[in-house]
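The values are calculated or read from the model by the stated rules, or taken from the named source; none is laboratory data. Just so it is clear, the structure is predicted and the values come from calculations on it, not from any experiment. In this analysis, Cβ positions are derived from the backbone assuming ideal geometry, glycine residues included, and neighbour counts consider all displayed protein chains. Accessible surface areas use protein heavy atoms only, side chains included; no ligands, DNA or RNA. Shrake-Rupley method; radii C 1.70, N 1.55, O 1.52, S 1.80 Å.
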Amino acid sequence: QVQLQESDPGLVKPSQTLSLSCTVSGGSITTNSYCWSWIRRPPGKGLEWIGTISYAGNTYYNPSLESQTSISRDTSKNQFTLQLTSVTPKDTAVYYCARQYCTLFYYDYWGHGTQVAVSS
């Protein structure tokens with residue numbers, strides 16, 4: 001059983017960088033054919049895909065967020081990380097990490113999500 005766990009975001013204020021890690025157990029983030037994604041849900045809104053890192057380390061980003069988004073990984077920790085720079089209150093959301101089959105927009109395993117509030 002694959003499990004994903006988001007880290008606690010800590011305190012995030014406008015203009016700062018949001019850093020979140022997702023620790024994966026029950027499966028390797030380097031296993032062929034799987035991709036690892038960050039998704040968020042702003043209050044009262046639907047899910048928004050942020051970006052993805054593949055089993056090979058290739059990254060893909062939502063064009064609307066690409067300029068401020070970076071996804072990386074630490075294979076020794078079986079962990080992948082989101083960095084979102086220059087955050088504003090519009091970045092307030094519940095952030096999820098999730099697994100997907102790389103060719104599909106379908107997520108079969110999710111973390112529980114972590115609340116990120118960006119405010120002064």
With +1 on each Lys and Arg Cβ and -1 on each Asp and Glu Cβ, how big is the dipole of the chain about its Cα centre, in debye rounded to the nearest 20? 120 debye
Tell me, in nm to one decimal, what length is gained between residue 67 and residue 32 on full extension, where the rule is 0.36 nm per residue of separation less the Cα-Cα distance? 9.8 nm
Would you pull out the residues with amide H under 5 Å of residue 73's amide H, same chain only if 5 or more places away, H placed 1.01 Å from N? 81
Compute the accessible area per residue over the stretch 18-85, keeping the other protein chains in place, probe 1.4 Å, unit Å². 46 Å²
Probe 1.4 Å, all chains present, heavy atoms only: residue 66 accessible area in Å², nearest 10, is 100 Å²
Give, in nm to one decimal, the length gained when the segment between residue 48 and residue 103 is fully stretched (0.36 nm per residue of separation minus the Cα-Cα distance). 18.0 nm
Under the 7 Å Cα-to-Cβ spin-label approximation, residue 86 and residue 19 lie apart by a distance in nanometres of 2.0 nm
Amide H proximity to residue 109 below 5 Å, modelled H, separation 5+ or other chain, gives 99
Where 90, 77, 13 fall by accessible area, highest first, once all protein chains stay in place (1.4 Å): 90, 77, 13
Taking alpha-carbon centroids only, the stretch 1-56 lies from the stretch 83-120 a number of Å equal to 5 Å
Cα pair distances in the chain, grouped into 5 Å bins until the bin that holds the longest one, percent each: 2, 12, 24, 26, 19, 10, 5, 1, 0
Provide the solvent-accessible area of residue 8, counting protein heavy atoms only and rolling a 1.4 Å probe, rounded to the nearest 10 Å². 130 Å²
Over all Cα pairs of the stretch 80-120, the Kirkwood radius sets Rh, and Rg/Rh then becomes 1.06
Give me the lysines in straight-line cross-link reach of residue 45: C-alpha distance below 28 Å, same-chain residues under 8 apart excluded. 13, 90
For a quick check: with amide H placed at 1.01 Å from N, whose amide H comes under 5 Å from residue 78's, ignoring anything fewer than 5 positions away on the same chain? none
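Expressed in nm to one decimal, what extension gain is obtained for the pair residue 75 and residue 2 from 0.36 nm per residue of sequence separation less their Cα-Cα distance? If you can, show how the numbers build up before the last one.
Details: separation 73, 0.36 × 73 = 26.28 nm, distance 1.56 nm.
Taking residue 75 through residue 2 to full extension adds about 24.7 nm, to one decimal.
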